[in-house]
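Read through the structure below, which is laid out as structure tokens, and then see the notes.
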Amino acid sequence: MSRARLAGLGHAPAIIALAAMALALFMTTPTGGDFWWYDASRHAMNGVFLRDFLLEGGLLHPLRFAREYYQQYPAINIGFYPPFMYIASVPFLAVFGASHAVSQSVVALHALLAGVMVYLICQRLMDRWSALLVALAILALPEIALWSRQVQLDVPALALLLCTAWALIHYLHTGSARWLVLTAAFMGLAMLTRVQAGYAVPAVGLFALFHRTPQRPPLRTWLAAAVFFLVLALPSVGSVFYFSKVTGNLAGAMPDMPALWSWDNWTWYARALPQQIGWPATWFIIAGLIAAVATLRAGMPPAAKVIAAFALSSWVFFTIVSNKEPRFNLPSIPFLFMLAAWGLTRLQALLGRLLLLALAGWLVYQAMLFQVPVAQGFREAASLAQAHTPPGANVLISAHRDGSFIFNMRADGRRRDIGTRRADKLFVEISIMRQLGIRDRELSQDAILKILDDQNIAVVVAQTGYLADQPSMQQFQRLLEGGGKFSVVGRVPLQGDVRKDERELVVYARK
């Protein structure tokens, strides 16, 4: 048996353990159309759209198909978000059908990829069993485990950033043209998944251009790598410029966020770290970073340099960006944890292994006990709406999580003749999110009724109190409750981790 095959078999126990961890995360994730994060359903719907585009005639008339599909299922935002994760989900959706579970499984596979990459990177800096413990601990960190259980872009983008770091480390060790091109490809795919992954481009470029390597690839390889990266990354960059008004506000002018040069801004993610990963992991990172600094006189291997550069550039980038949430800084966490683990195992190998064993065990245990947040009621409302909608008629949804309702209308699959319309598109104007601006259309009840007639609306599903401060929405609510045009056919309570104003969905049928 060849040396390469023997080396591969040596990794098998670790990969099996990581696969078991990823499977456990998936199996403990609710997948009944009860998306918690408000745009998770839209990410799932984007993949379903591409699936339907390929299998239902979209290639023959692409513009007409896309226009008609959005008219029927207005919960698609490809373009505002890069498309790679949706493209990756198409084969699974094509084989297993459109469902929440299939979309979630694609995220779980990316979580597995992330764990494998952490293991492969860390085994360059420590023994294999310690590297496995680091990978298991990272997958089980509260913030990583949470977003591995949501149909979101964060973990898939993180997995591809880790692939980029892994390929870059190989390039620094070998100077091989193959690894240079792979580094460029993974970096491009990371940006094609989530444009914020571009924070790593300067670090990758500086390492590739100026770090000493055993050999240097020819100029044509550099050009090929650059073209490869640009072709993959340009759609995301183009989207940023196209939506520059919105992305500019998110990057530099979000309400209720600290000023750029304030102390609160530059310590925001440091203060959020215990919330993201828990206090035991926070103290582990603090101790490990101190150990890493204490051992710097012995030098830093290329893998440690790359890890440190990715952690630092991520932290700085997301600190500068005005819009802040704990999940936005997710790419920093695995690199910080790996750097800390390297510092501790380098300073005292046995102590580092024991700490990793205890911490990984605790984190995995906690991850399995964690109650994954859900927002329930939308699948039931979709079924009720379908039961009361005549053939060829449409349903109007008025709710904060309208994407969940629309996804369930499509995933149910029984009433593909029904179209869905959104109240927040017909009666008000919202710029992506309410915080960035909302404008009322100043519609009377008669004007609203005409819109409903023009849109062939037979059933309305309305979240009580949604956008109730807008005059047109107030008129809309009075029209529904007046009793002359609509009658209540059902009420569905909204349960789980929902906002205080999300109490129920009321289903109205046209008289």
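The values are calculated or read from the model by the stated rules, or taken from the named source; none is laboratory data. Here the structure is a predicted model, which means the values were calculated and not measured. Glycine gets a Cβ as well: all are built from the backbone with ideal geometry, and neighbour counts include every protein chain shown. Quick note on the areas: whole protein, heavy atoms, side chains included, nothing else; ligands and nucleic acids left out. Shrake-Rupley method; radii C 1.70, N 1.55, O 1.52, S 1.80 Å.
For helix 268-277, what angle does its Cα long axis make with the longest principal axis of the chain, in degrees from 0 to 90 and rounded to 10?
Taking the Cα atoms of the chain, the angle to 268-277 is about 90 degrees.
Sum -39500 (n - 2.57) across every DSSP H segment of at least 4 residues in the chain, then divide by the residue count to get the 222 nm mean residue ellipticity, nearest 500.
-20000 deg cm²/dmol
Just tell me which lysines come within less than 16 Å, Cα to Cα, of LYS324; anything on the same chain fewer than 8 places away is out.
Hits, sequence-local ones excluded: zero.
Quick one: angle between helix 349-369 and the longest Cα principal axis of the chain, in degrees between 0 and 90, rounded to 10, please.
Tilt of helix 349-369: around 10 degrees.
Give a quick list of chymotrypsin sites (Phe, Trp or Tyr not before Pro) in region 356-418 that DSSP marks as loop, anything other than H, G, I, E or B, with at most 16 other Cβ atoms within 10 Å.
Taking region 356-418 and a limit of 16 other Cβ atoms within 10 Å, the loop chymotrypsin sites (Phe, Trp or Tyr not before Pro) found are PHE370.
Taking the mean number of other Cβ atoms within 10 Å as a proxy for protection, how do you rank 233-239, 116-122, 284-290, 411-417 from highest to lowest?
Sorting 233-239, 116-122, 284-290, 411-417 by mean packing, highest first, produces 116-122, 284-290, 233-239, 411-417.
Just tell me the longest site-free run in the chain, where the sites are GluC sites (Glu not before Pro) in a DSSP loop having at most 12 other beta-carbon atoms within 10 Å.
In the chain, the maximal stretch lacking such sites is 57-441.
Students often get this wrong, so try it: which of (1) 24.9, 81; (2) 23.6, 81; (3) 21.7, 70 is Rg and Dmax of the Cα atoms in Å as calculated from the structure shown?
(1)
Using a Cα-Cα cut-off of under 28 Å, which lysines could be cross-linked to LYS511, ignoring same-chain neighbours fewer than 8 residues away?
Hits, sequence-local ones excluded: LYS425, LYS450, LYS485.
How far, in degrees from 0 to 90, does helix 445-454 lean away from the longest principal axis of the Cα atoms of the chain, to the nearest 10?
Helix 445-454 and the main axis of the chain meet at about 70 degrees.
If you average the C-alpha positions of region 390-417 and of region 418-489 separately, how far apart do those two centres end up, in angstrom?
Centre-to-centre distance over Cα atoms comes out at 16 Å.
Taking a spot 7 Å from the Cα of GLN348 along the direction of its beta carbon, which residues of region 290-321 have an amide N less than 17 Å from it?
290-296
Quick check: at a probe of 1.4 Å, how many percent of the accessible area of the chain sits on carbon and sulfur atoms?
Of all accessible area on the chain, carbon and sulfur atoms account for 64 percent.
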